[in-house]
């Protein structure tokens, strides 16, 4: 247990607060959730708990992202490591997207995480200038390096196109994860979506740059 003023915080409180925050952020929207709501729903009587552990709502949000990014990064690294040395751009993209898409099928928190990630992609200011842990992005960096090699050269437009592609992927996966009950939310349909997004991504990354000199 950890002392906070005159109160005592039990071990595991931080995880429980993050579980509640994750659910509320996904259901109500990050901007609509106050720290007092997180404390109330968690049943935590010590109102200082959230401030003690995370400081602010953007601190809570960053912590929610960091703890889910770590296992997603591990999946992505494993998928990329399994590719042949001369993998195609489509194979690389499929591994990068698959690392994220798999959690919607295999993790109970996957759908909520994708909902929150989509909100952050659309409103980066929700993080309040904070950044996620650099170590959780190693798979993204590895994938981008391999993409540049597979495409033959690093096009000036590649970085911007990857941002657009990432937005498209996140929104498509979040939409799939929150489709109405009874929809085709099966492992097979997720595999098709990942394949389709990888094919779509290759087309966008390899398209001629309309601003380059001819």
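Of note, residue 165 does not satisfy the criterion of being more than 16 Å from the chain's Cα centre (by Cα), in contact (Cβ under 8 Å) with a residue 40 or more places away in the chain and part of a helix (DSSP H, G or I). Return the only residue of 124, 108 being under 17 Å from residue 162 (Cβ atoms), within 15 Å of the chain's Cα centre (by Cα), in the same structural domain as residue 186 (by TED's automatic domain parsing) and surrounded by fewer than 17 Cβ atoms within 10 Å (Cβ to Cβ). The unique qualifying residue is 124. Going through (1) surrounded by fewer than 16 Cβ atoms within 10 Å (Cβ to Cβ); (2) assigned by TED's automatic domain parsing to the domain that holds residue 135; (3) touching a helix residue (DSSP H, G or I) at 6+ places or on another chain (Cβ under 7 Å) one by one, residue 84 falls short only on (3).
The values are calculated or read from the model by the stated rules, or taken from the named source; none is laboratory data. Computed from a predicted structure; not experimentally measured. Every residue, glycine among them, receives a Cβ derived from its backbone with ideal geometry; neighbour counts consider all protein chains shown.
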